[in-house]
Structures are given as structure tokens and as C-alpha cells.
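The values are calculated or read from the model by the stated rules, or taken from the named source; none is laboratory data. Keep in mind it's a predicted model, so treat the numbers as computed, not measured. When we count neighbours, we look across all protein chains shown, and the Cβ atoms used for this are built from the backbone with ideal geometry, even at glycine.
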Amino acid sequence: MSLENNLLLARLYDLYGPLLSKTQQKVMEDYLFKDITLSEIAENQNVSRQAVKDAVSKAEQKLKGYEQKLGLLKRFYGEK
């Protein structure tokens, strides 16, 4: 993922993170804020790398979906 996309996801996570499942929250926190690789997250959680990648993708879709419906980031920060 690009730096720009990660920054967007971090902002979306700050707004909508509590709406994600606990597992998705943990994965996104590790991935976005602790800069842990997908492989390392998978090893820490005893799951496959693909499972972590899927969790990140689904969380990303949810976060962007919440923004599309609620528009809080756009309202507060004037962003896309």
C-alpha cells in the first residue's frame, strides 16, 4: 500500500475504528500504527498471511464504506 493510502486509512481508523471487530481493530493497529508486516502479524496471531491480508482488505473496505455513508472525515478535515 502507498503511504498516502495508509495515512487515509489511519485517519479513517481514528474515526471509525470502534465499528470494526476486535480482531480487525488489532490487525489494523498493528499494520498501520506499529508498522508490523503482514507476515509478522500472521505469526503473532497464529494464522496465515493470507488471512491477515484478507482482514486488512475487509477492514479497509468497511472503513471506506463508513466514510462514504457518513462523511465524517470530509466534514471535519475537508478531505476526500
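Results for (1) in contact with a helix residue (DSSP H, G or I) (Cβ under 6 Å, 6 or more places away or on another chain); (2) among the aliphatic types (A, V, I, L, M), shown as yes or no for each residue.
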| residue | (1), (2) |
| --- | --- |
| ALA10 | yes, yes |
| ASP14 | no, no |
| GLN24 | yes, no |
| LYS34 | no, no |
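Residue pairs whose Cβ atoms lie under 9 Å apart, sitting 6 or more positions apart in sequence or on different chains, and linking a residue in the stretch 8-24 that is at negative phi to a partner that is crowded, with 17+ Cβ neighbours inside 10 Å and in a loop (DSSP other than H, G, I, E, B), are TYR13/LEU20. Considering only residues in the stretch 45-54 that are at negative phi and at pLDDT 95 or above, the one that is surrounded by the most Cβ atoms within 10 Å (Cβ to Cβ) turns out to be VAL52.
Screening the stretch 1-20 for residues that are of a type in the set (A, V, I, L, M) and part of a helix (DSSP H, G or I) and picking the one that is modelled with the lowest pLDDT gives LEU3.
Residues in the stretch 21-69 that are of a type in the set (Asp, Glu) and part of a helix (DSSP H, G or I): GLU29, ASP30, GLU40, GLU43, ASP54, GLU60, GLU67.
Taking the criterion of being over 11 Å from the mean Cα position of the chain (by Cα) and closer than 9 Å to ALA55 by Cβ, no residue of the stretch 24-39 qualifies. Of all the criteria given as (1) more than 11 Å from the chain's Cα centre (by Cα); (2) touching a residue at least 24 places away in the same chain (Cβ under 8 Å), the one not satisfied by ALA42 is (2).
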